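So the structure is just underneath, and the comments pick up after that.
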Amino acid sequence: AAGVIQSPRHLIKEKRETATLKCYPIPRHDTVYWYQQGPGQDPQFLISFYEKMQSDKGSIPDRFSAQQFSDYHSELNMSSLELGDSALYFCASSLGRDGREQYFGPGTRLTVT
Amino acid sequence: GENVEQHPSTLSVQEGDSAVIKCTYSDSASNYFPWYKQELGKGPQLIIDIRSNVGEKKDQRIAVTLNKTAKHFSLHITETQPEDSAVYFCAAIPAGRRALTFGSGTRLQVQP
């Protein structure tokens with residue numbers, strides 16, 4: 001079965017640079033979620049989109065923005081990167097906006113130097 | 001907001017034994033409780049979930065129980081195998097939200 005696709009899988013950036021992470025949900029899924037996971041920590045919710053509209057917002061810094069496109073893929077844009085932004089970034093998708101049955105992608109490992 | 005506590009943080013069992021991981025939640029209006037398995041370098045994998053109108057759910061060697069009165073739910077793995085070794089996260093969806101709040105995770109090690 002098709003899974004959530006994330007690209008790139010690894011990304012190295014310097015402080016103050018920008019980064020764009022992409023997520024392609026499972027076919028027919030209409031909701032996308034972004035989570036950030038620090039080393040040894042649980043995933044923390046950042047933001048979600050349902051039918052291209054922001055659905056819920058978590059602890060996303062103002063330096064980050066995201067959107068969902070007409071083909072349901074989503075991009076997370078990160079600016080003025082800080083060392084503390086180094087983490088795994090996961091995208092998850094689901095069918096419907098209630099948050100249930102979220103399926104996660106393999107993640108993007110972002111390293112800020 | 002919702003607070004999910006998970007215990008134990010690490011668990012070591014012998015192959016073939018059972019493993020139990022427990023979580024408590026704070027928001028009595030939460031009504032969906034999934035469990036995820038995360039292997040090193042991979043994304044969390046949904047392994048089982050339970051909704052608030054059900055007390056127990058089983059899928060082969062794994063089961064989840066929910067006690068809404070006490071606001072806790074547990075993951076039970078029977079006949080553990082080395083490939084069950086991973087970090088397990090419980091989660092809940094708080095009332096009025098559509099995103100997961102995770103527990104702090106349990107590192108399960110199954111000794112062959």
Matching residues in the stretch B:42-56 - criterion: being modelled with pLDDT of 90 or more and part of a loop (DSSP other than H, G, I, E, B): B:Lys42, B:Gly43, B:Pro44, B:Gly55
Would a scan of the stretch A:68-78 turn up a residue that is touching a residue at least 24 places away in the same chain (Cβ under 8 Å), within 12 Å of chain B (Cβ to nearest Cβ) and crowded, with 20+ Cβ neighbours inside 10 Å? no
Subset of the stretch A:12-35 [farther than 26 Å from B:Phe102 by Cα, outside any loop (DSSP other than H, G, I, E, B) and of a type in the set (Lys, Arg)]: A:Lys13
Boolean, A:Leu83 is within 13 Å of A:Trp34 (Cβ to Cβ) and more than 14 Å from chain B (Cβ to nearest Cβ): no
Of everything in the stretch B:86-103, what is of a type in the set (Val, Ile, Thr) and over 16 Å from B:Gly1 (Cα atoms)? Give them in sequence order. B:Val87
Scan (1) within 13 Å of chain A (Cβ to nearest Cβ); (2) of a type outside the set (D, E, K, R); (3) touching a helix residue (DSSP H, G or I) at 6+ places or on another chain (Cβ under 8 Å) for the single condition B:Val87 breaks and write down its number. (3)
So for the stretch A:86-93 (the condition being within 14 Å of chain B (Cβ to nearest Cβ), touching a residue at least 60 places away in the same chain (Cβ under 8 Å) and among the polar types (S, T, N, Q)), does at least one residue qualify? yes
Taking only pairs six or more apart or across chains, which ones have beta-carbon atoms under 7 Å, a first residue in the stretch A:51-64 that is within 11 Å of chain B (Cβ to nearest Cβ), and a second residue that is surrounded by 15 or more Cβ atoms within 10 Å (Cβ to Cβ) and assigned to a loop (DSSP other than H, G, I, E, B)? A:Ser55/A:Arg97; A:Ser55/B:Arg98; A:Asp56/B:Arg97; A:Asp56/B:Arg98; A:Asp56/B:Ala99; A:Gly58/B:Ala99
Enumeration of residues in the stretch B:3-39 that are assigned to a loop (DSSP other than H, G, I, E, B) and either within 16 Å of the chain's Cα centre (by Cα) or without any contact (Cβ under 8 Å) to a residue 40 or more places away in the chain (or both): B:Asn3, B:Pro8, B:Ser9, B:Ser18, B:Ser26, B:Ser30, B:Asn31, B:Glu39
So which of B:Thr78, B:Thr69 ends up being out of contact with any strand residue (DSSP E or B) (no Cβ under 7 Å at 6 or more places or on another chain), away from chain A (no Cβ under 11 Å) and touching a residue at least 60 places away in the same chain (Cβ under 8 Å)? B:Thr78
For residues in the stretch B:35-79 being surrounded by fewer than 21 Cβ atoms within 10 Å (Cβ to Cβ) and of a type in the set (Ser, Thr, Tyr), which is farthest from A:Gly38 (Cα to Cα)? B:Thr69
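The values are calculated or read from the model by the stated rules, or taken from the named source; none is laboratory data. Note that this is a predicted model, so its numbers are computed, not measured. Reconstructed Cβ throughout: ideal geometry from the backbone, glycine too, with neighbour counts over all protein chains shown.
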